[in-house]
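Structure record follows, encoded as structure tokens.
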Amino acid sequence: MFVAYPALCVNAAISYHVVLTLWGSLSARLTSGKVQEFLNWVVLAAPLSLAVMASISRILAVTSGYSAPLHVYSALPSDAQGYLCLAKEWYRFPSSYFLPDGMRVKFVKSAFDGLLPGEFPEIGDPWSWPGTWMIPSGMNDENKGDPSKYVLTSLPPKAIMSKLMLLQVSLELCDYMVESYFSRPVEEFEPDYALDQGQWESVYCENFLDSAQTGMLGRTLWMPRWVPIKKSWGKYCLLKRTAR
């Protein structure tokens, strides 16, 4: 969608210019004096004011409802080591630059069956920057899932396993996990890890807007609390595995 934004801005500017031009040709015929001057200011300022208010409202809606993923990763201890696992929240992972040096991101099985991102190679001559040109193993152009993308260091790469076994083995190797929790029925292979206090303890959580249970206006624009718009909230959490 970002490629359309320049065209939208140009079209908005042209439309604004056309409106002002049409009003300029009509205002002298319809009004005069201070009334004309007042209406000219209204026609000039009203579209700009609406655009500014809508933009500010949109910015506030995004930051208040969807900024939790950026904050949660900052709660990782600076000396954290091991694997940070992602399940259904893999696509909201911002960047490995948010992680401590001793932490690596791994994926565990979720309801998503497509192709997950591959890892950049970290071997070879550092001056050749192999991560910028080498294709990770297991990639394809058909969005077919690749089991090697999951954290399974203790099993042979061609091991035949059920999805449930794949999930259980993956979880045993996770030191931390970032997951969301919403008060709605869960999908297969997407349990609410945050509620499993026997295996996970909460390190840090933030409110996260449940877009599936919130109306279009509520998830698109920010509104004051006194405006009767129903919003549904969940939690976005950094979890730490309890002692094994």
> Once you put a point 7 Å from the Cα of Ala111 and another 7 Å from the Cα of Ala12, both along the Cβ direction, what distance in nm separates them?
Replying inline: 3.5 nm
> Among Leu50, Leu20, Leu221, whose mean-square fluctuation peaks in a Gaussian network model of the chain (Cα, cutoff 10 Å)?
Replying inline: Leu20
> When the Cα atoms of the chain are enclosed in a convex hull and the volume is divided per residue, what value in Å³ results?
Replying inline: 213 Å³
> Based only on the alpha carbon positions, what is the Kirkwood hydrodynamic radius of segment 2-66, in angstrom?
Replying inline: 14.0 Å
> Which of these, Gly234, Gly82, Gly131, has the largest mean-square fluctuation under a Gaussian network model of the chain (Cα springs below 10 Å)?
Replying inline: Gly131
> Quick one: helix 5-30 against the long Cα principal axis of the chain, what's the angle to the nearest 10°, folded into 0 to 90?
Replying inline: 10 degrees
>> Check the chain for me: any Cys whose beta-carbon has no other cysteine beta-carbon within less than 4.7 Å?
In response: Cys9
> Quick one: how many lysine pairs in the chain have C-alpha atoms under 22 angstrom apart, if they're 8 or more apart or on different chains?
Replying inline: 25
> Counting pairs of alpha carbon atoms under 8 Å apart in space and at least six apart in sequence, what relative contact order in percent does the chain give?
Replying inline: 21 percent
> Between Val52 and Ser95, what is the spin-label point distance in nm, taking each point 7 Å from the Cα along the Cα→C-beta axis?
Replying inline: 3.2 nm
>> Quick check: the angle from helix 163-172's long axis to the longest principal axis of the chain, C-alpha only, nearest 10 degrees?
In response: 80 degrees
> In degrees, nearest 10, range 0 to 90: what is the angle between the Cα axis of helix 33-66 and the longest Cα principal axis of the chain?
Replying inline: 10 degrees
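No lab work stands behind these numbers, since they all come straight from the coordinates. The structure displayed is predicted, hence computed values, not measured ones. Glycine gets a Cβ as well: all are built from the backbone with ideal geometry, and neighbour counts include every protein chain shown.
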